[in-house]
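These notes are about the structure you will find just below.
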Amino acid sequence: MNQSQSKNILVLDDNKNDLLMTKFVIMRMGCKPILIDKSAQLIATLQAHTISLILLDLDMPGLSGIEVLKRIKRVPSYKNIPVVMLTGHSDALNVKTAIQLGASDYIVKPIDPMIFEGKIKRLIETNQTITQKDWIEYEIKKAQSTEVKLTYIAQVFSIGEMGITLKTNQPLPREMTFFSDAELFNELEIAQPPLKVESSVPCEGGYLVKCTLIGLSESDLKKIRLFNQLLMRPVNP
Amino acid sequence: MSFYNEKYKNQLSLDLTKLEPLFQLGRELDEDVVSELVKTHCETVTVQLKQIEILFETKNFIQVRSEAHKLKSSAATLGLNKLYRMCIDLESYLQNPSTACAPVVNAYITGITIEFNLTKLMLNNMQTQVGA
């Protein structure tokens, strides 16, 4: 599925023609445009919708685009929404200030549909990756802060770059995150990686518990890759 | 010949190549994108020009500059190159405004108003031809 599908994109611009133009291009991208022409409407709109990206005109009466940007970046729940500034050719200095204040990019008016679409798509996709990274960090923190230590007898059934399957004598709850001190990880010199339970399926003599490996470094992944290659190496006669 | 006729004689009043991506956008969305943009442009610029005249009367050149800035964007979107150029030049001329600017600003406002009325007709004619 297209990553930009059904995302809400908020546009704040006092120029009706520019609002209309952005509306059409956002619609063509398969996203939903939410258009406002006054800074005062911003907070209510952010509260009412889940916004994936904000397009903000630099030159507006009342609160300037820079002031609006500062306010967005001060609110923890909104500060990670990418903001793209819409600007005329004459606003070079303001653009620099906006980027320093946390704007992700800028688009020079008049809006070129191709450039607009390219930049917005890229930012939405990048933000998706950032969200994924945040999730991994969250899961690691959750596992680190857990106070329950589980003593579990488990045997490594198989291991890949994305996950590990353990054979256990009883099922583990789905979504549970824990640190593994399996001997295999000691041998590979991977320090107790966090695992997240995806499923527990009954099998002969117990359960196969599939887990996702969270937040492994590239060097850890290389070790697993090498381990698998060595295991799969044909035995010499 | 007025100064704007001479200064902008090489600029196209209506650059149809700029409209092609908008027609394409309309075909893909199955919406009359160009008509909607033209309608909004005509409505907003009519109001903006009235506002500019009032601001000029009160010698509020900073706000005249701000209105010219807004107007240029929708002119450029619709391929109104001459109108766009005039707005840029007025905006630039009013970078450091003073009362001495009044005659030149007045000439720009006259030029912009004439050009807007002319391009409005051209856009309407074009739409009639496209629709026929």
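Please treat every number below as a calculation from the coordinates, not as lab data. Here the structure is a predicted model, which means the values were calculated and not measured. For neighbour counting, all protein chains shown are included, and Cβ atoms are generated from backbone atoms with ideal geometry for every residue, glycine included.
Numbers for the structure displayed
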quantity: Cleavage-rule hits (GluC sites (Glu not before Pro)) in segment B:37-68: DSSP loop, at most 11 neighbouring Cβ within 10 angstrom; calculated: none
quantity: Within-14-Å neighbourhood charge of B:Lys82 [Cβ basis; K, R +1; D, E -1]; calculated: +2
quantity: Gyration tensor over alpha-carbon atoms, segment A:154-232, equivalent ellipsoid semi-axes in Å; calculated: 21, 14, 10
quantity: Using a Förster distance of 51 Å, the FRET efficiency for B:Thr46-A:Ser217 (Cβ separation, nearest 0.05); calculated: 0.25
quantity: √(5λ) per eigenvalue of the Cα gyration tensor, the protein assembly as shown, largest first, Å; calculated: 60, 22, 17
quantity: Rounded to 5, percent antiparallel among DSSP beta bridges of the protein assembly as shown; calculated: 55 percent
quantity: Percentage relative contact order, segment A:154-232, counting C-alpha pairs under 8 Å, at least six apart; calculated: 32 percent
quantity: Cα centroid separation, segment B:1-64 to segment A:150-214 (Å); calculated: 65 Å
quantity: Under 11 Å, Cβ to Cβ, from B:Arg27 - net charge with Lys/Arg +1 and Asp/Glu -1; calculated: -4
quantity: GluC sites (Glu not before Pro) lying in DSSP loop within segment A:188-232, provided at most 10 other Cβ fall within 10 Å; calculated: A:Glu189, A:Glu204
quantity: Value of [θ]222 nm, deg cm²/dmol, for the protein assembly as shown, DSSP H segments ≥ 4, -39500 (n - 2.57) each, nearest 500; calculated: -17500 deg cm²/dmol
quantity: Along each principal axis, Cα extent of segment B:33-125, largest first, Å; calculated: 41, 20, 18
quantity: Least to most buried among A:Ser64, B:Ser98 (fewest other Cβ within 10 Å first); calculated: B:Ser98, A:Ser64
quantity: Kirkwood hydrodynamic radius of segment A:8-143, from inverse mean 1/r over distinct Cα pairs, in Å; calculated: 15.3 Å
quantity: Unsatisfied cross-links (Cα-Cα over 32 Å) in the set A:Lys109/B:Lys7; A:Lys121/B:Lys9; A:Lys70/A:Lys119; A:Lys23/A:Lys96; A:Lys16/A:Lys79; A:Lys119/A:Lys222; calculated: A:Lys121/B:Lys9; A:Lys119/A:Lys222
